[in-house]
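K.L.:
Mind looking over this structure? Questions follow.
The values are calculated or read from the model by the stated rules, or taken from the named source; none is laboratory data. As the structure is a prediction and not an experimental result, all values here were calculated from the model. Reconstructed Cβ throughout: ideal geometry from the backbone, glycine too, with neighbour counts over all protein chains shown. Keep in mind that these areas ignore ligands, DNA and RNA; they rest on the heavy atoms of the full protein, side chains included. Shrake-Rupley method; radii C 1.70, N 1.55, O 1.52, S 1.80 Å.
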Amino acid sequence: MKKISLIVTALFILILAACGNKTEQDNKTIVIGAANVPHAEILEKAKPLLKKQGSDLKIKVFQDIVMPNKALADKEIDANYFQHVPYLESENKEKGYNLVNAGAVHIEPFGIYSKNYKKVSDIKKNATIQISSNSADQGRILMLLQRENLITFKKGVNKVTASIKDIDKNPKNITFKSPIDPGLLPKAYENNEADLFAINTNYALDSGLTPNKDALILEGSKSPYVNIVAVRKGDENSNKIKKLMSVLHSKEIQDFITDKYKGAVLPVTK
């Protein structure tokens, strides 16, 4: 009996040790969901920097904007990096997620592109614009059109959350085509299915466009639409997320973003 008791005790110690090792490994591993460009590229650059600090960064690339927040809420990943704050807020509200901003990394200046016009002043009456089905993008698109005096907003409208129904004046009678998935916008642009196309910079870059050269209208660096790392509420203060954000805000990553994207992606440190 004494021998059996010793064997059971030894096995119990081994199990505890294995659990301890797994917990330790989990604390050193960061699984993050990301869009392909530029998010995953930036994370790949951060991976060896984190490795030097004892953390293993695993990157899961998503091709749409729906699954990363679902995967995070379902605890399939530790964080995601693909979205801006207005989109995160709309997702939390619409789907009941409890996700928070762990820190901003970069701004992707949103662009409006055209094969038909070289200057804003060339835009003719009754021109058509193809926009994203992502409701969080509509205010952003409309603010760009307002900046160029192509539309005005109704009085008192929150421009960040505005939609087409909040337009007051549209002097050129620009027609907004039925919204489509943002990932399909570059293909629609390639096929010239409208006069104007409002395209997210990550999709523009992924399709070979250079925003600061090819965009007819381009968002400025003071945009409120900074791209962030999102986590489940409470995890923003965990050691591994703090370590991740410290690396993403490092000079090495800032210089990488500046050098690689030539103004199409701008680093931030907040």
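K.L.:
Testing the spin-label approximation: label points 7 Å from Cα along Cα→Cβ at Thr175 and Ser90. State their distance in nm.
P.N.:
Modelled inter-label distance: 2.4 nm.
K.L.:
Related question: Pick from Ala198, Ala46, Ala71: which residue has the top mean-square fluctuation in a GNM of the chain where Cα pairs under 10 Å get a spring?
P.N.:
Ala71
K.L.:
Using 1/(1 + (r/R0)^6) with R0 = 25 angstrom and r between the beta carbons of Lys47 and Glu193, what's the FRET efficiency to the nearest 0.05?
P.N.:
Computed FRET efficiency for Lys47 and Glu193: 0.05.
K.L.:
Summing -39500 (n - 2.57) over the DSSP H runs of n ≥ 4 in the chain and dividing by its residue number, what mean residue ellipticity at 222 nm do you reach, to the nearest 500 deg cm²/dmol?
P.N.:
-12000 deg cm²/dmol
K.L.:
Given C-alpha coordinates of the chain, what is the ratio Rg to Rh with the Kirkwood estimate of Rh?
P.N.:
Checking Rg against Rh, the ratio lands at 1.11.
K.L.:
Continuing with this model, one more query. Taking amide H atoms as placed 1.01 Å from N in the peptide plane, list the residues 5 or more away in sequence, or in a different chain, whose amide H sits under 5 Å from that of Asp56.
P.N.:
The answer is Thr29, Ile30.
K.L.:
How big is the gap, in Å, between the Cα center of the stretch 160-234 and the Cα center of the stretch 66-116?
P.N.:
Result: 15 Å between the Cα centres.
K.L.:
Also: At 0.36 nm per residue, minus the direct Cα-Cα distance, what do Lys213 and Lys155 gain on full extension? Give it in nm, one decimal, please.
P.N.:
Separation in residues times 0.36 nm, less the Cα-Cα distance, equals 17.5 nm.
K.L.:
Multiplying the sequence separation of Val61 and Asp206 by 0.36 nm and subtracting their Cα-Cα distance, what value in nm do you get?
P.N.:
Details: separation 145, 0.36 × 145 = 52.20 nm, distance 1.32 nm.
Answer, rounded to one decimal: 50.9 nm.
K.L.:
Can you tell me the 0 to 90 degree angle between the C-alpha axis of helix 41-52 and the longest principal axis of the chain, rounded to 10?
P.N.:
Roughly 30 degrees, rounded to the nearest 10.
K.L.:
In addition: In the chain, what percent of the accessible surface is made up of carbon and sulfur (1.4 Å probe, ligands and nucleic acids excluded)?
P.N.:
52 percent
K.L.:
On to the next question. On each of the three principal axes of the Cα atoms of the stretch 134-205, give max minus min coordinate, whole Å, ordered largest first.
P.N.:
If we take the Cα atoms of the stretch 134-205, the spans are 35, 23, 20 Å.
K.L.:
Given the whole protein assembly as supplied and a 1.4 Å probe, what does the accessible area of Ile112 come to in Å², nearest 10?
P.N.:
For Ile112, solvent-accessible area is about 0 Å².
K.L.:
Here is a further query. Rounded to the nearest 20 Debye, what is the dipole magnitude of the stretch 92-225 about its Cα centre when Lys and Arg each give +1 and Asp and Glu each give -1 at the C-beta?
P.N.:
It works out to roughly 540 debye.
K.L.:
In addition: Given a 1.4 Å probe, how much area per residue of the stretch 77-212 is accessible, in Å²?
P.N.:
44 Å²
K.L.:
Shifting gears a bit: Any idea what the dipole of the chain comes to, in debye rounded to 20, about its Cα centre with Lys/Arg Cβ at +1 and Asp/Glu Cβ at -1?
P.N.:
Working: 40 positive and 30 negative charges, 91 e Å.
The dipole of the chain has a size of about 440 debye.
K.L.:
When the Debye formula is applied to the Cα atoms of the stretch 173-241, each taken as the same point scatterer, what base-10 log of I(q)/I(0) results at q = 0.29 Å⁻¹?
P.N.:
Values, matching the q order: -1.39.
K.L.:
Need one number: % antiparallel among DSSP beta bridges in the chain, to the nearest 5. Kindly include the intermediate steps, with their values, before the conclusion.
P.N.:
Details: 20 of 34 bridges.
Antiparallel bridges make up about 60 percent of those DSSP assigns within the chain.
K.L.:
Let me ask something else about it. P(r) of the stretch 83-240 in 10 Å steps, Cα pairs, percent per bin?
P.N.:
Bins of 10 Å from zero give 10, 38, 34, 13, 4, 0 percent of pairs.
K.L.:
Still on this structure, please answer the following. Roll a 1.4 Å probe over the protein chains and send me the accessible area per residue for the stretch 220-270 in Å².
P.N.:
Counting only protein heavy atoms, the per-residue value for the stretch 220-270 is 51 Å².
K.L.:
For Lys242 paired with Ser223, estimate the spin-label separation in nm (one decimal), with each label point 7 Å from Cα along the Cα-to-Cβ line.
P.N.:
The answer from the label model is 3.1 nm.
K.L.:
Pull up the DSSP beta bridges for the stretch 63-198 and report the antiparallel fraction as a percent, rounded to 5.
P.N.:
45 percent
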